[in-house]
Every structure is written in structure tokens, then in C-alpha cells.
1. So which residues in the stretch 301-320 are closer than 17 Å to Ser90 by Cα and not in a loop (DSSP other than H, G, I, E, B), if there are any at all?
2. Which residue pairs have Cβ atoms under 6 Å apart, sit 6 or more places apart or on different chains, and have a first residue in the stretch 217-228 that is under 16 Å from Leu349 (Cβ atoms) and more than 9 Å from the ligand (Cβ to nearest atom) and a second that is among the aromatic types (Phe, Trp, Tyr) and modelled with pLDDT of 95 or more?
3. Tell me, yes or no, whether the stretch 390-409 has at least one residue that is small (Gly, Ala, Ser), within 22 Å of the chain's Cα centre (by Cα) and closer than 30 Å to Ser104 by Cβ.
4. Does the stretch 68-82 include one or more residues that are among the β-branched types (Val, Ile, Thr), part of a helix (DSSP H, G or I) and closer than 20 Å to Ala130 by Cα?
5. All but one of (1) assigned to a loop (DSSP other than H, G, I, E, B); (2) touching a strand residue (DSSP E or B) at 6+ places or on another chain (Cβ under 6 Å); (3) of a type outside the set (Gly, Ala, Ser) hold for Leu361, so report the exception by its number.
Amino acid sequence: MADLGASQHTRAELVELERRHVWPPYTPSERHERQDPLVIVAAEGPALIDADGRRYLDAGSSWWTMSLGHRHPRLVAALAHQAAALDHVSAGGATHPQLALLASELAAVAPPGLVRTHFSDDGSTAIEAAVKIAVQYWHQAGHPERHEFIALTGGYHGDTAAAMSLASIAAFRGPFAPLLFATTQLPALHDDWPRALEALEQHLRARGDRTAALVVEPMCQGSAGMRMYPAEALRAAHELTRRYDVLLIADEVFTGYGRTGLMWGCGHAGITPDLMCLGKGFTGGMLPMAATMATARIYDAFRGGVDRALMHGHTFCGHALGAAVAREVLAIYRDEAIVAGVAPRAARLAAFVRDLATRGLGVRPRALGMIAAIDVGDGGYRGDRGWRIASAARNLGVYLRPLGDTIYVTPPLNTPMPALDAMLSAIAEAIASPAPG
Ligand SMILES: *Cc1c(COP(=O)(O)O)cnc(C)c1O
């Protein structure tokens, strides 16, 4: 059994302290006060283990991060090994072996042409950096008037100011709307993508020469409710950005690292964006670290004098522990053929949601790689049927977090088949009989 760390305190004591002092993300206060949180003391592979020793399969990979499952032995070893040598050194003026090697290894696995990496802490900071790089790029390329951004309806890019400005989900913008800069929200690519592309082209024809970049979540809008769209649409959107000389920012924070069945969502369309944001699976969920990758064309606009340097950077940029773990993630992907292992599991996920729909337990079944989703009510993001299903699933040993009335499954990419089957049948049972409201 793993060391339970804080187990000298009872579960009830910990919950009491949590209720009194923790301000959790995206959690209505009444739910926080009323609903018993899971008290997780350990984790292993696809499972979380609570204070009573109960195991819960982590159906959402803990907010889409644990692509290799929990505490992969090689990641634990890489972290310990690096901690014994070097923890952190500021990256402005110094480097370290893990950082230089990680950047070169990322360039080797990224879509061809993304050769340069700026490191940060999480998905939001990776987006924030991409937005500032795009604006400063055009400024220094002699087009300061190109500072507008296009985003797609339903897109989610994080919780910092620029990231929120790119979002259109009203629930996320909320009271912050007056603080955000204006962006153009165009139709997403999942409903009627030929029409959406027409709207994009029309906008580019009118305002392309004012536009810095188009920002997309390649192949699948995650937080919007797992809305997938065809590679053809992504390829055509990329082509339009070439025609109107607008940058393409690919937000691969969720879709990267094999989640969609290829290493990158962009890979389905065979495209290289100008900027690519990585997070979530970047360290296999072990540490907060993220990256913004850029092409040589982008980087070259930042050469030519002290006043042309990138005016952006975070304290923990290039953190040595994160870099060591991020390198080991790439090595495990290679050695354990993680992305190739997605196909048989993806088939199970797709069959799972199709079967639910056939049984009348949901509508709009959809699946891509290690993502499957179905709508179980029409309350949208604020719906509560999803939460009642999550509650029932918990009693059956599965931890899932719904997006309102959308139930989704995004398990670790290497979830063993028997665990995957157990997870899916428990979720099916929970959907068939949700907890009372
Ligand atoms: C989660 C997410 C982000 C934000 O990442 P954080 O690590 O939460 O800051 C950005 N873009 C997409 C597509 C995401 O799914």
C-alpha cells in the first residue's frame, strides 16, 4: 500500500478543513458545503485511491492531464533523479541539460517546422504567450495594425485575461466581460463546416489585413462539450489563413499528446500551425508545465536588436523538474508505443457511446481517439443530470466530471483493457440510474 501521507488525520477532519479553508475551482459553494468530496490519498495507473482504501477509475484523467496514468514508474524515477541534481535555475541567461534536450526533442516530434519552444506553466499561460507573440510578431513585421483575433464559438482557451477574451462561452466570461479585449467569434467547425468556412473567408476578406491570428482547438473543442469536426475542415481553415496571411494558433492543450488518436490534432489534417500551445499531458500530469511552439518565421521577427526581444516570461519558465519529466513522457510515448495503443481502445469508446444512444440513454454520441461523449439532458453546461450521473458513477468506483449535461470519457491513453471495460460498464450503469437530484 502506498504511504497515505496525511492519514494521521481522519477523513472527516480533512473534509472539515477543506470546507473551511479551500476555495475550489468551478465549484458552487452550496455543492462544496453539501457534497462530500473524494479524499484522495494515493493513485496508481488508471485509479485514484481514497482515504478508506476505495479505488476509483479516473475516467477523465484528472482534467485531461494523466495521459500515462498516475505515477508511471518511469516518471516517478525521472522526477526523483532530477530533484537530486538540479531543481530550478532562472531561464533568462542560463540553461540546463533537460531544457535544451527537451526543446530539441519537442521540435523532432512536433508538426514539421515548429522548431522553437517558449516554456510556461499551464495551458492558459501557453495561450497568453501565443497571443502576445502573435501581436508582437506583426508589430515587428511592420504591421502593427494586425492585432485582431478570430476564435470559434464554444472555444475554450483558459482562464487568464487573453485566454478568456478568446472564449465565447458566456459562463466562462461572466462578470469579466468588460475587462476582456474584443475578439471575433465565428461559427465553430462541427455543425455545418462548409458554412463556417464561408463565414471565415468572408471575415478574412473584410478584416484579414487587421487580423493577427485565428485560434482553434484542432479536431475537437473540449470544454464546449467534446465537439469534434473533420480533418478536412481544419485543413481548409489552415489554407484560408495561408491565403490571407493570418497566423494560425493551434491550441493543442487538450488534443495534443495522442488524445485524438494521433500525436497532435493537427496531424489529422497534415498541417503545421504558426504557433502551437501544449499543456495538460505535457508532463503526463505530474507537474504543471506548458509550452508554446513557434516556426522559424515567427522567431525571426524577434531578431535584430534589444527592443525586439520577446517581452514575456514567467518565473518558473523551463523548470528543471518539469523539463526532466516532460522528456521522460516523450521517451515513454516512444518506448511504449502509446499513440499506437489508442486505436483498439478508441474502438471500445466509440462503440460504448453508440450503444448508449441505441439504448435511448443519450443523444449525439461522438468519439475520436481517447475521447467519447454523449448528451444526457438539455440543460447544457448548467444542467444537473450529468452531476447526478457522476455521483452514481462514484458509488460504482468511477471518478468522472461532467460538462453539465454532457458525459465524457477521456481515460489515460494506456488504460489496461480490463480497467477500461470496467470503467465503461460502470458509467453505463450510472447513466441508466443516476443519483437522485
Ligand atoms: C484546459 C485548457 C486550457 C487551459 O489550460 P490550464 O492548464 O487550465 O490553464 C486551454 N486550452 C484548452 C483547449 C484546454 O482544454
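1. Answer for the stretch 301-320, where residues must be closer than 17 Å to Ser90 by Cα and not in a loop (DSSP other than H, G, I, E, B): just Ala320.
2. Taking only residues 6 or more apart or on different chains, the pairs are Met226/Tyr408.
3. No.
4. The answer is no, given that none of the residues of the stretch 68-82 is among the β-branched types (Val, Ile, Thr), part of a helix (DSSP H, G or I) and closer than 20 Å to Ala130 by Cα.
5. Single failed check for Leu361: (2).
The rows are residues; the columns are (1) away from the ligand (no atom under 14 Å from the Cβ); (2) in contact with a strand residue (DSSP E or B) (Cβ under 7 Å, 6 or more places away or on another chain).
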| residue | (1), (2) |
| --- | --- |
| Pro112 | yes, no |
| His118 | yes, yes |
| Glu128 | no, no |
| Trp138 | yes, yes |
| Gly142 | yes, no |
| Leu152 | no, yes |
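The values are calculated or read from the model by the stated rules, or taken from the named source; none is laboratory data. Worth saying up front: this structure is predicted, and the values here are computed from it rather than measured. Cβ coordinates were reconstructed from backbone atoms using ideal geometry, including for glycine residues, and neighbour counts include every protein chain displayed.
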